[in-house]
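Colleague: Submitted below is the structure of interest, expressed as structure tokens.
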Amino acid sequence: MKKILLSSIVALTLLNGFELPKEVTNWMIYPLDKTLASQSRGGDLPDIQAITDGLGTILLNRGDGYYKNKAYNTLLKDNKDLIENTNKSIDSLLVSNMINPSNELLTNVNKNNFVNDSLVTEIIEGLSCDDHNSSTVGSTYNDSGECVGGVAIPTAGNESCTAGYNSSFSGDILCNGLGLTNVNNWDALRTVDGSVYLYSNNINNISGLKNIESINGDLALMVNNISDMKYFNKLTNLTDLYYYQDSNINTISGFNNLTTLSQMIFSSDSNLTTISGLKNLTTITDYLDVSLNPSLTSISGLNKLTSITGSGLFNQTGLTTLDGLSKLKTVGGHLLFNDNPNLSNIDNLSSLTSVGYDLDFSNTKINTLAPLNNLTSVGSSLYLTQVSTLNHVDGFPNLQTIGNILWLNQGGYQDITGFDNLQTIGTSIGIFNDNNLQTINSFKNLNSINNKLLIHENPVLTSINGFNALTTIGNSEPSYPSQSVVLSLRTNTALTSINGFNNLTSVNGDLLLNDNTNLTTINAFQNLQTINGRLIIYNTQITSLPFINLSTVSDNISLNNNKLTNVDALSNLTTVHNLLLNDNQLTNINGLSNLTTINGILSLFNNSNLDDISPLNNITSTNGNMIIFDNREYTTKLNSSSWLCSTADSSIYKGFDYSDSNGLHVVDIPKSNICN
């Protein structure tokens, strides 16, 4: 059970912005697998493949197939998210969070600090933690991540298991592991004030229960050979219904007088094709699971179901349509359809208005989102991953909130134009590795993203438009974990223009526009004032910057390897940390004329068209750090009375020398090259 919980936590943690929180990594990694521990000793960083392989063996039954898919797609998919750019050579999370100075895994973390995190409880609370190979059923995770509840299934049986029962029985009927082949002697039984467990027998005929009317507890029929479930039509009262690991059943057609169940689990039945019974079931008050039934093609019997208070799992089945969910309006927990490779039609979800936790269609064949037009809220995350048949993301006209993550990854969509009324994203948006995506023209009313916006590695994406209602990205609360990269548009090699973001005033983390090698135009970010992190724009074709109102950047500014001719958009900055303007085509640096303080390195290397460096006359402090120029004499130099020429130690003037056969190295620049 703990392994399943840990796998869920791993997948969630990395979905939540790709970074492992400091307070959890040590507790999380240690129990995963001894092979992982061995990878982390002797001074070596944990091996990426070993982690994913370890997770592959851990992410087991039912809903955990969902997390397995996410783990493989997201876990450490792209190391660039963990080793982010030149200014942070290796993210400290791998060094300081996983391995302590003695190369031993840290294990003394307060687990409650992590387990009680709202993001974790969102993804695990209410999910089943049954191990189908154990002797417990009905267990679920509570809001503290503990596996609670459920009933232990003893291996002994009541004396009446073979002799039969009278019309009523008070207590639990436990007939487990007895080798029963039928219950024909039970036909007098009408009511049970308790539960009925028939576990691990050879029962093939269950007709002896055809007269049962009330079970004031659970009915568990597990690991048998039952071939016909047309009975139980007199049953009007039942709490939980469990039926799994039975390869002999094709159709479940009974239970037609039940209107309410707490939990219903039909799982791991390899030959089950149809659920046509339960025709009057309207409410599941806890948990519905029909996953891991690879032959299941119809759930038509559920066509009166209107609400699931907990989670509904329909993972890893043979479903092509959702023919029994036409009246389903609300799901309080997860609603998961992932890993249904034949699911193409979701028309029967047209009544759905809200999902309390995750909604997942990953690895399906759906081709339209129109049936979800009445959906107004997703309490946690919405996943559309590996949906190659979906050409357009143009739905969700009434969706207003997504509590956690919107994930659009490895899809077949050509454009994203939906989400017109979406207002808040609780955590992050991830749009990446979509090989057919050409345009994003969406999110017109989205006003806040609490963590990250990541648009990465979409090779034919040419334009980004929208996000004009967005005012802030990232959470500025002191108690919120370190944001790191929060706005990143990276490695979209066909991208030529970025438009929008014109009400965005603050980015509470790093802003990266890297390796968009054909990007020429940024008509965006006109009102951005504050970046509480780094500003990095690298390897583009842009000639000017859009940040005309930018007044504060709390960390490094790196604008290397572009086509910049000016830095006018930096004219409101008075203080910077590292400011790197290397490998551009600068003709002037007038935008630095208000700059007074440099708390790191200023580098203007390899700007052969720059002749005038006089805008640096107002600098009064560099805290002893270098200023790197081209190794040549400038035409318009600094005033001799400027601080850089009159007071600063001339040893801070540096350049690069190419003449050495051993390669590029730093040299001192003569003061006469830069000062009058």
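No lab work stands behind these numbers, since they all come straight from the coordinates. Please read these numbers as outputs of a predicted model, since none were measured by experiment. Backbone-built Cβ (ideal geometry, glycine too); neighbour counts: all protein chains shown.
Colleague: Using only the alpha-carbon atoms of region 424-553 as identical scatterers, what base-10 log of I(q)/I(0) does the Debye formula give at q = 0.17, 0.19, 0.22 Å⁻¹?
Modeller: At q = 0.17, 0.19, 0.22 Å⁻¹ the computed log10 ratios are -0.83, -1.06, -1.45.
Colleague: Around Asn588, what is the net charge, scoring Lys/Arg as +1 and Asp/Glu as -1 over all other residues with Cβ under 14 Å from its Cβ?
Modeller: -3
Colleague: Same structure again: Sequence gap at least 6, Cα distance under 8 Å: using those rules, report the relative contact order of region 208-281 to the nearest whole percent.
Modeller: For region 208-281, the relative contact order is 30 percent.
Colleague: Once R0 is set to 51 Å, what does the formula 1/(1 + (r/R0)^6) return for the Cβ-Cβ distance between Asn398 and Val666, expressed as a FRET efficiency to the nearest 0.05?
Modeller: The pair Asn398/Val666 has a calculated efficiency of 0.30.
Colleague: Continuing with the same structure: Could you sort the peptides 523-533, 309-319 by per-residue average Cβ neighbour count (10 Å cutoff), highest mean leading?
Modeller: In decreasing order of mean packing, 523-533, 309-319 become 309-319, 523-533.
Colleague: Sum up the charges of everything whose Cβ sits under 15 Å from the Cβ of Ser642, counting Lys and Arg as +1 and Asp and Glu as -1, but leave Ser642 out.
Modeller: That sum, taken over residues with Cβ under 15 Å, equals 0.
Colleague: Moving on. Take the alpha carbon gyration tensor of region 320-387, find the square roots of its eigenvalues, order them as a ≥ b ≥ c, and report rounded if a/c is under 1.5; if not, report prolate when a/b exceeds b/c, else oblate.
Modeller: oblate
Colleague: Is there a pair in Lys452/Lys563; Lys234/Lys365; Lys304/Lys452 whose C-alpha atoms are over 29 Å apart, and which pairs would that be?
Modeller: Lys234/Lys365; Lys304/Lys452
Colleague: I would also like to ask the following. Given a Förster distance of 60 Å, report the FRET efficiency between Gln423 and Thr597 from their Cβ-Cβ distance, rounded to the nearest 0.05.
Modeller: 0.95
Colleague: Return the sequence-ordered ³J(HN,Hα) values of region 557-567 in whole Hz as given by the Karplus equation 6.51 cos²θ - 1.76 cosθ + 1.60 applied to θ = phi - 60°, using x for Gly and Pro.
Modeller: Karplus-based 3J(HN,Hα) across region 557-567 equals 10, 10, 10, 7, 6, 10, 10, 4, 9, 8, 10 Hz.
Colleague: Under the rule a/c < 1.5 gives rounded, and otherwise a/b versus b/c splits prolate from oblate, where does region 607-672 land using the Cα gyration tensor?
Modeller: Oblate, since a/c reaches 1.5 and b/c is not below a/b.
Colleague: Just to be sure I understand the model, the point goes 7 Å from the Cα along the line to the Cβ. What's the resulting Thr353 to Ser650 distance in nm?
Modeller: 7.9 nm
Colleague: Return the FRET efficiency for the residue pair Asn590, Asn623: r is the Cβ-Cβ distance, R0 is 25 Å, and the value is rounded to the nearest 0.05.
Modeller: The calculated FRET efficiency here is 0.55.
Colleague: Continuing with the same structure: Return a whole-number percent for the relative contact order of region 264-393, with Cα pairs under 8 Å and 6 or more residues apart as the contact set.
Modeller: 18 percent
Colleague: Let me ask something else about it. Mind running the shape call on region 316-465? Use the C-alpha gyration tensor, a ≥ b ≥ c as the square roots of the eigenvalues: rounded below 1.5 for a/c, prolate if a/b tops b/c, oblate otherwise.
Modeller: oblate
Colleague: Under a 5 Å amide H to amide H cut-off, with H placed in plane at 1.01 Å, what residues pair with Ile542 once short-range neighbours are removed?
Modeller: Close amide H contacts, sequence-distant or interchain: Lys563.
Colleague: Could you work out how far apart the two model spin labels at Thr236 and Ser640 are, taking each label as a point 7 Å from the Cα in the direction of the beta carbon, and quote it in nm?
Modeller: Taking the two extended label points, one gets 10.7 nm.
Colleague: If one computes the Cα centroid of region 360-389 and of region 229-293, what distance in Å separates the two points?
Modeller: Here the answer is 26 Å between Cα centres.
Colleague: Determine the sum of side-chain charges near Asn224: Lys and Arg each +1, Asp and Glu each -1, restricted to other residues whose C-beta is under 15 angstrom from that of Asn224.
Modeller: My count for the surroundings of Asn224 gives -3.
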